[in-house]
1. Taking the options 167, 133, 179, name whichever one is over 28 Å from residue 242 (Cβ atoms) and surrounded by fewer than 20 Cβ atoms within 10 Å (Cβ to Cβ).
2. Is it true that residue 349 is surrounded by fewer than 16 Cβ atoms within 10 Å (Cβ to Cβ) and outside the structural domain of residue 316 (by TED's automatic domain parsing)?
3. Inspect region 95-111 for any residue being buried (at least 18 other Cβ atoms within 10 Å of the Cβ), within 26 Å of the chain's Cα centre (by Cα) and at pLDDT below 85 and give the result as yes or no.
4. Only one of these is under 26 Å from residue 181 (Cβ atoms) and outside the structural domain of residue 127 (by TED's automatic domain parsing): 226, 266. Name it.
5. Can we say residue 380 is part of a loop (DSSP other than H, G, I, E, B), without any contact (Cβ under 8 Å) to a residue 12 or more places away in the chain and either under 50 Å from the mean Cα position of the chain (by Cα) or surrounded by fewer than 11 Cβ atoms within 10 Å (Cβ to Cβ) (or both)?
6. For residue 155, only one of the following conditions fails: (1) touching a helix residue (DSSP H, G or I) at 6+ places or on another chain (Cβ under 8 Å); (2) outside the structural domain of residue 98 (by TED's automatic domain parsing); (3) in contact (Cβ under 8 Å) with a residue 12 or more places away in the chain. What is its number?
7. Are there helices (runs of 4 or more DSSP H) fully within region 127-208 with at least 3 residues that are farther than 20 Å from residue 94 by Cα? List them.
8. Take residue 358 and tell me if it is exposed (fewer than 12 other Cβ atoms within 10 Å of the Cβ), at pLDDT below 90 and over 20 Å from residue 314 (Cβ atoms).
């Protein structure tokens, strides 16, 4: 933790003394030097142990009033420091070099010539594509990496084509636009200047005026440029609707050029299709797109979410009334909307309804299929003969109890007998009912 008034010891002390109430400063050079050492020691200790109150072994030098002033100033510095770490910062500049970029995940490490910084800045974050020469705008926080030093960790990243001739040449020559290399990029900039992007997009036939570009290469350049424009439009749409860059990259990788249409039609599909996006995030995106709170699309997604959450408690299905009640609490809408949504999802087979022992249950389709598959496998195994040879059960029980040092309860003896005589055995029970000792005995047997 660093503070502005502590970065240079003597400058910090100088500022500290200028703001001081002079009646608290000890007089005489000897005592003054001791005061300096005391303040430096206090700063060192407090920096080491965090935002603690000032205390000092130099009690004869720093009276209580002096310590009170120090405490007040230190706490103010802590408040400023905490505020600066909690609020995101903005950074913009020209991408000089792409140090690393993962084509699949979209994670990149960039060297940026940022405004207000003399040296190149390391920016890390996610982008669908990136190239040297692009203009980068980022929001995030400065971090101190143990291995790589200071970095700007971006939560939101956007890149746009450059506007200067130097940036345009670097951008076109980076290989981002297929069909254009460094030599061709230089020729294009010399020929069309800063308007080369408009030429590629609106009058691509003029590219053939450049030496080395024929009809085939011109078409390839135009197709690559259009593809990049689609990516930029998708990222702009997702960013404008509150989607972070890393999530936007995953959405683009999943849906491709249809991302905007699919998200607009049903943003709640993101919770099912995109890892790391749940119902709440999809619901926030839906609100920004303009989907009403009482829409059936939202209610259907809420029902799906409640069933999915129930799986964490071990449930493959929920009773109809319980599902409706929980969905109503989540969505905060009228019961009729939840009922209509449930009827729609069952009719479209997005959810499955089944009556078991007189109770109506609602399943997620894939869980119902999994449950039926497991039941079928168990039935098949149960119909097969045991794989164990015939043994004297009572003698085997005595041997197992001696080996494990545990005495079996009657129900555990029955379970062991079934395990020896059956091809498959399902042992169930909550905590503390003896399932673990029972399975241990079965393994020992």
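The values are calculated or read from the model by the stated rules, or taken from the named source; none is laboratory data. Model, not experiment: these values are computed from the prediction. Neighbour counts run over all protein chains shown; Cβ positions are idealised from the backbone, glycine included.
1. 179
2. no
3. yes
4. Numbers: 266 fails: under 26 Å from residue 181 (Cβ atoms).
The conditions single out 226.
5. Here the answer is no, as residue 380 does not meet what is asked.
6. (2) is the only condition that residue 155 fails.
7. The helices (runs of 4 or more DSSP H) meeting that bar are 182-192, 196-202.
8. Considered against the rule, which asks whether it is exposed (fewer than 12 other Cβ atoms within 10 Å of the Cβ), at pLDDT below 90 and over 20 Å from residue 314 (Cβ atoms), residue 358 comes out as no.
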